[in-house]
Amino acid sequence: MRRFVERQHTVDGFYFVADLHALTTKHDPAKHRELTTSTAALFLAAGLDPQRATVFVQSDVPAHVQLAYLLECTAHVGELSRMIQFKEKGGRPGTRASLFTYPCLMAADILLYGAQRVPVGGDQSQHVELTRDLAVRFNTLYGPTFVVPELEPTALTARVLDLQDPTRKMSKSDSDDAAGVVRLLDTPDVIRRKFRRAVTDSEGEVRYDPHAKPGVSNLLDILAALTGQGPVSLATTITGYGQLKDAVADAVIAELRPLQERHDELVADRPELARLLDIGRQRARETSTPVLDQAQQAMGITR
């Protein structure tokens, strides 16, 4: 989100809360509603200006679901079955069909706005590649309709790793009390406790080596992202794991403090938050409707 804020003055960006994607797994409706509101507040609290950046809730723009179905009619079963989320979580009893098809919804999220570049972490690059494939296939089958987007990977912290298991990413889908996941609204005490319990190794040497020392290197990556310094050079300034963990915790707490304060202000004033999101909803609908209309006409759907 920090990178989005930095670029909002030069890039026409669309930023939405993916509340529909969250329905692919079991959820509590009341909690889902509150998390949607809170996440939207975080986008704005991070510094996204509704007058410059289009901030909205995904389900407020029906074109996302409508185009997703058209893309489902363009996608192949084989390519959807190769998507990492379905390979890891699909096939279990009770798996929702939406877990299989949601990459088409993600593609619709991108194609509706004529995105030329999609900034994502490394774990999402597969979805952008599928989006590109679907856009090219649709354009070939039905005529020029979609802009084929380019993947714009994050240079650093493309994959923040779990503090308790640094062989896998820090996942927002983990349980609320997951010890290896630091959440944007965690209190300072909770953040400090999680970093102090972060897994390192038995060597005791602070050295940046993602392969041999994934836990230490993950902490250095996080600190580097927040300080603007390189993880290798940071390692030379820190003498022990305790010092490293405290330094990372201090940096994270300092970074999140103003974000949390502004978030709380927005959540406490629901009418104002709704007003700000309505600005984005209207702009998103105005932008996406012509694209959906063109896709429908291309496929032979007429009004």
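Residue by residue through region 189-205, what is 3J(HN,Hα) from phi via Karplus (6.51 cos²θ - 1.76 cosθ + 1.60, θ = phi - 60°)? Round to whole Hz and write x for glycine and proline.
Coupling constants for region 189-205: 4, 5, 4, 5, 5, 5, 6, 5, 9, 4, 6, 10, 7, 8, 6, x, 9 Hz.
Subtracting the Cα-Cα distance from 0.36 nm times the residue separation, let me have the gained length for TYR69 to SER81 in nm, one decimal.
2.6 nm
Among the listed pairs LYS169/LYS245; LYS89/LYS245; LYS89/LYS213; LYS26/LYS172; LYS169/LYS194, give every one whose C-alpha distance is greater than 24 Å.
Checking Cα-Cα distances, LYS89/LYS245; LYS89/LYS213 exceed 24 Å.
When the Karplus curve 6.51 cos²θ - 1.76 cosθ + 1.60 is applied with θ = phi - 60°, which whole-Hz ³J(HN,Hα) does each residue of region 18-29 get, with x for Gly and Pro?
7, 5, 6, 4, 5, 7, 6, 10, 4, 8, 9, x
With a 1.4 Å probe and every protein chain left in place, tell me how much accessible area TYR69 has, in Å² to the nearest 10.
Around 140 Å² of this residue is reachable by solvent.
Ordered by packing density, taken as the mean number of other Cβ atoms within 10 Å over each peptide's residues, highest first, how do 40-46, 177-183 rank?
Put in order of decreasing packing, that is 40-46, 177-183.
VAL57's amide H: which non-local residues (gap 5+, or another chain) put their own amide H closer than 5 Å, with H modeled 1.01 Å from N in plane and none for Pro or chain starts?
Correct list: VAL17.
Quick one: which residues, 5+ away or cross-chain, put their amide H under 5 Å from the amide H of LEU161? H built at 1.01 Å from N.
Under 5 Å from the amide H of LEU161: MET170.
Distance in nm between label sites at ARG183 and SER171, each 7 Å beyond Cα in the beta-carbon direction?
It works out to 1.6 nm between the two label points.
Please compute the per residue accessible area over region 196-280 with all protein chains in place, 1.4 Å probe, rounded to a whole number of Å².
51 Å²
Spelling out what I want: for every residue of region 258-269, take phi, set θ = phi - 60°, compute 6.51 cos²θ - 1.76 cosθ + 1.60 (Karplus), and round to whole Hz; glycine and proline get x.
Once rounded to whole Hz, the list reads x, 5, 5, 5, 5, 4, 5, 5, 5, 5, 6, 10.
Roll a 1.4 angstrom probe over the protein heavy atoms and tell me the percent of accessible area of the chain that is carbon or sulfur.
Carbon and sulfur atoms account for 53 percent of the accessible area of the chain.
Which of the three applies to the chain, rounded, prolate or oblate, going by the alpha-carbon gyration tensor with a ≥ b ≥ c and a/c under 1.5 meaning rounded?
It comes out prolate by the Cα gyration axes.
What whole number of Å gives the distance from the Cα centroid of region 278-303 to the Cα centroid of region 180-219?
Each part reduced to its Cα centre gives a spacing of 45 Å.
Work out, step by step, the length gained on full extension between GLU205 and ARG96: first 0.36 nm times the residue separation, then minus their alpha carbon distance; give nm to one decimal.
34.7 nm
The values are calculated or read from the model by the stated rules, or taken from the named source; none is laboratory data. Being a predicted model, the structure only gives us computed values, none of them experimental. Cβ coordinates were reconstructed from backbone atoms using ideal geometry, including for glycine residues, and neighbour counts include every protein chain displayed. Note: accessible area is taken over every heavy atom of the protein model, side chains too, but ligands, DNA and RNA are not part of it. Shrake-Rupley method; radii C 1.70, N 1.55, O 1.52, S 1.80 Å.
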